[in-house]
Structures are given as structure tokens and as C-alpha cells.
Amino acid sequence: MNIKPPKGMKTVLMDNELIGYIEDHEDQAIVQKRAENLLQSKGLLKDIPKAQTMFAQAQSFGQAAMLIYKRDLANFPRNPYGIAPFIVNAAFSVEMYLKCLQQAHGEIKGTHVLTSLYKALPNKVKDKIKIVCSLNEDKHKVEKGLPFKDHLKIINNAFVEWRYWYEGKSEQFDIAQVIFILDILHDVAVRELGIKHNK
């Protein structure tokens, strides 16, 4: 959408819909405050729980990983340049899903280590993950009965290691298993947070 604002004004959009115009300023903090005031005056500025904003972040990185997968890795021959971006985006998405689940039930743990994040989840959330896992193993063609923490181990440090794959420290992973992990955590987060729109 290309909407040209009047001279000296900035366009304010929400969900690609024109909300209005605000006076421009060289200080971007002032511009942001004016945009917030406009949105608030129209009843459009709402407080979103932190767990839901974290969910949105997890979902966006998961979607980026899946776009890379579909473009570069779903068919043979695979594009090897898609591997590192796929796994880094997927691993960060998994991290954010785990942290949004933690946030929904208390405080989040400050680490990139996925098994540590999983371990810190309440048992009732782990039980839900276990149920969703067992219902989706056939669909994803992953090893049946494998505990979820063992699935996570294959990408446990992937966010850190695969950003620097050229140093030779990155471990091998199974693409189908990574997609399985993403789907499981997405589905559980949707249920736990009461998100209306799925993927």
C-alpha cells in the first residue's frame, strides 16, 4: 500500500489500513508518541499481554523458517545455502515458543539452551506437549514415544552454533524433526494462550 501523506505529515497504518496522518518531526520518539496518541484516540491501541507478543515473535520466525524450507529444502536437490538460515530461524522460533509458555505461567529463563527452557516449564504444560506429540508423531514421521526433550536435543544449541556454521561446530539435525518441534510448540502455545487464529 503506497499512501502519500500531505507535506510535513506521516502516514499511520494498522493492518495495512489507513488510520490517519500525524505531524512529522525529526525526533522519531516524538513521531512514535504522536502515532500512539492517534491510535489511542481511535480506540485502536490495546495492551497486549507479553506472552502474546512473544508468541507473535515465535510465529514470525517459524514462518520465516518454513518459507526457507519450502524454497530451498523441501525438494531435491536442496539448496545448501538455505540450511543455516532455516535452522537458525527455527531454533529461535522454538526458543520464543518455550519462553512465551514460560511467560504465560510465570517468569522466563534467560538462556538459548532449549532443553533448559523446556525443563523450566510447569509439569502441566509438559504433559500437554506430551499429548500433542503422541497425536502428531505419525503425521511428521518421527520416532514414536521419544520424549519431547530428546527431540529438542537435536537443536539444543542450534541458534548459537548454526549462526557460525563455518567454524565447524554445528551438529547435524533432521529437518522433519525440526518441523515437528515447531508444530508441537505452536499448537500448545495457541491452546495455552487462547489464540484464536492458528497458523
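Can you work out which of the residues in the range 71-101 that are of a type in the set (Gly, Ala, Ser) and surrounded by fewer than 23 Cβ atoms within 10 Å (Cβ to Cβ) is nearest to the chain's Cα centre (by Cα)?
Filtering the range 71-101 down to residues of a type in the set (Gly, Ala, Ser) leaves 74, 82, 84, 90-91, 93.
Now drop any that are not surrounded by fewer than 23 Cβ atoms within 10 Å (Cβ to Cβ), which leaves 74, 82, 84.
Numbers: Ala74: 20, Gly82: 18, Ala84: 17 Å.
The qualifying residue nearest to the chain's Cα centre (by Cα) is Ala84.
Just a yes or no: is a residue in the range 88-101 modelled with pLDDT under 95 and aromatic (Phe, Trp, Tyr)?
no
Among the residues in the range 129-138, are any within 18 Å of the chain's Cα centre (by Cα), touching a residue at least 12 places away in the same chain (Cβ under 8 Å) and assigned to a loop (DSSP other than H, G, I, E, B)? Write out each step before concluding.
First pass over the range 129-138, keeping only residues within 18 Å of the chain's Cα centre (by Cα): 129.
Filter once more, so that each one left must be touching a residue at least 12 places away in the same chain (Cβ under 8 Å): 129.
Restricting the remaining residues to those that are assigned to a loop (DSSP other than H, G, I, E, B) gives none.
Taking every residue of the range 129-138 in turn, none turns out to be within 18 Å of the chain's Cα centre (by Cα), touching a residue at least 12 places away in the same chain (Cβ under 8 Å) and assigned to a loop (DSSP other than H, G, I, E, B).
Of all residues in the range 122-133, which are more than 16 Å from Lys153 (Cα to Cα) and surrounded by 13 or more Cβ atoms within 10 Å (Cβ to Cβ)? Please lay out each step first, then the result.
Let us first name the residues in the range 122-133 that are more than 16 Å from Lys153 (Cα to Cα), namely 122-125, 127-128, 131-132.
Of everything in the range 122-133, those that are more than 16 Å from Lys153 (Cα to Cα) and surrounded by 13 or more Cβ atoms within 10 Å (Cβ to Cβ) turn out to be Pro122, Val125, Lys128, Val132.
For Trp165, which of the numbered conditions (1) touching a Pro at 6+ places or on another chain (Cβ under 6 Å); (2) more than 17 Å from Asp187 (Cα to Cα) fails to hold?
(1)
Is there a residue in the range 38-50 that is in contact with a Gly (Cβ under 6 Å, 6 or more places away or on another chain) and under 26 Å from Val12 (Cα atoms)? Steps first, please.
From the range 38-50, those in contact with a Gly (Cβ under 6 Å, 6 or more places away or on another chain) are 38; that's our starting set.
Now restrict to residues that are under 26 Å from Val12 (Cα atoms): 38.
Yes: the range 38-50 contains one or more residues that are in contact with a Gly (Cβ under 6 Å, 6 or more places away or on another chain) and under 26 Å from Val12 (Cα atoms).
Based on this model, can you work out whether Lys149 counts as within 23 Å of Val190 (Cβ to Cβ), assigned by TED's automatic domain parsing to the domain that holds Ala176 and surrounded by 14 or more Cβ atoms within 10 Å (Cβ to Cβ)?
Numbers: within 23 Å of Val190 (Cβ to Cβ): yes; assigned by TED's automatic domain parsing to the domain that holds Ala176: yes; surrounded by 14 or more Cβ atoms within 10 Å (Cβ to Cβ): yes.
In short, yes.
Just checking, how many residues over the range 103-117 are touching a helix residue (DSSP H, G or I) at 6+ places or on another chain (Cβ under 7 Å) and part of a helix (DSSP H, G or I)?
5
The values are calculated or read from the model by the stated rules, or taken from the named source; none is laboratory data. Quick caveat: nothing in here was measured; it's all calculated off a predicted structure. Because the Cβ atoms are built from the backbone with ideal geometry, glycine has one as well, and the counts that use them run over all protein chains shown.
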